[in-house]
Amino acid sequence: DPHAGEVWSPAAVVHRAKECGAPSISFTYSEPTVWQDYLLDTARIATTEGIRTIMVTNGYFTEASLERLLPVVDAFNIDLKGSADFYRTQCGATLEPVLRNIGRIAAERDKVVEVTTLVINALHADDDILALGTALVERGVTVWHLSAYHPAYRATEPPTDAHHLVHLFERIRREIAVPHLYLGNLWKGEGNETRCAACGTLLIVRHGFTVTRTMLREGACPSCGAPLYGIFHP
C-alpha cells in the first residue's frame, strides 16, 4: 500500500473516499471510541458529502459518547463478546453497557445495527449464547453474526469446532426468532445466505465476503415486497 503509515486529515479521508467512488467510510481497528474525536471530525465532513459512515466497535462506551456518535454514524457493527461472566473474567468489563448501547441504536429507525459474537467453545456455553440471542431480540436487533474463533497471539484455546457451531446456529434458528442469523469464518457456505424474513425467499447468495448473486429489487424481496433490513446501494 503506497499510503501505509501516512496520517490523513479528516478532510483527506473524505476526499480519498470520493476519488474512489466509495459510498461509505468504516471506522475500525483499534476501538474507534478511543479516537472518536478524529472519527467525529471525519464523519461530519462525510455526511455533508453524502458519504455514509460505519463504526465497528466493542460497544463499550458511555451514553454521552453514543449521543455524540449517533447524529453522524449511519451503521454500527457491535461485538457482543459473551455473558456477564465472560465480560468479568475475560474482559475485565461488564455486559450491561454493551446491551444498553445496542438497544439504544436499534431504537433509532434511521440507523443500522448488526451484532457479532465470536464463539469460543472452551469459554462459551451454548445456553449463554442462546441467552444473548434472546437479549438481542428483546432489544430489536435483526442481524446477528456468529463467528468461528481461531487462536492467535496469546489466545491458546482450541479453534471453534465447525460442526458444533453449525449445530448451535440451527438451534438458535429454531428457538429464537432472530430475523437474520449468519455464520462467520467458516468459508464453507453454511449460514451465509440472506432470506426474506417475511416469506423466506432467497435474496442474497455469498461466498465468503463476496456476493455472488442478489435477487433484491430496490432493497426489497421480489416475492412479497418486504424491505430487507439495511441500506443497499444500486
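For the reader, a short list of remarks on this structure follows.
- In order through the stretch 123-138: 3J(HN,Hα) via Karplus (6.51 cos²θ - 1.76 cosθ + 1.60), integer Hz, x for Gly, Pro: 10, 10, 7, 4, 5, 5, 5, 5, 5, 5, x, 4, 4, 5, 4, 4
- Centre-to-centre, using Cα atoms only, the stretch 95-112 and the stretch 37-57 are separated by 19 Å.
- In this calculation the C-beta distance from Arg213 to Ser24 is compared with R0 = 30 Å, giving a FRET efficiency of 0.85.
- Averaging over all projection directions, the Cα-based convex hull of the stretch 135-210 occupies 6.2 nm² in the image plane.
- Protein-only accessible surface order, largest first, of His207, His163, His124 at 1.4 Å: His163, His207, His124
- Choice from Leu40, Leu80, Leu123 showing the highest fluctuation, given a GNM over the chain with Cα pairs closer than 10 Å: Leu123
- Residues whose placed amide H lies under 5 Å from that of Leu183, excluding near-sequence neighbours: Leu146, Asn192
- Using only the C-alpha atoms, the convex hull of the stretch 77-201 corresponds to 113 Å³ per residue.
- Largest GNM mean-square fluctuation among Val73, Val13, Val137, using the chain with Cα springs under 10 Å: Val13.
- Rounded accessible area per residue of the chain, 1.4 Å, Å²: 55
- Among the cysteines of the chain, those with no neighbouring cysteine Cβ under 4.7 Å are Cys20, Cys91.
- Debye equation applied to the C-alpha atoms of the chain, log10 I(q)/I(0) at 0.12, 0.16 Å⁻¹: -0.75, -1.32
- Between His163 and Ala131, the FRET efficiency from the beta-carbon distance, with R0 = 22 Å, is close to 0.50.
- Heavy-atom accessible surface of the chain: percent carbon and sulfur, 1.4 Å: 53
The values are calculated or read from the model by the stated rules, or taken from the named source; none is laboratory data. Since the structure is predicted, the reported quantities are computational estimates derived from the model, not experimental observations. A quick note on method: Cβ atoms are made from the backbone with ideal geometry, for glycine too, and the neighbour counts reach across all protein chains shown. These accessible areas exclude ligands, DNA and RNA; they are computed on the full protein's heavy atoms, side chains included. Shrake-Rupley method; radii C 1.70, N 1.55, O 1.52, S 1.80 Å.
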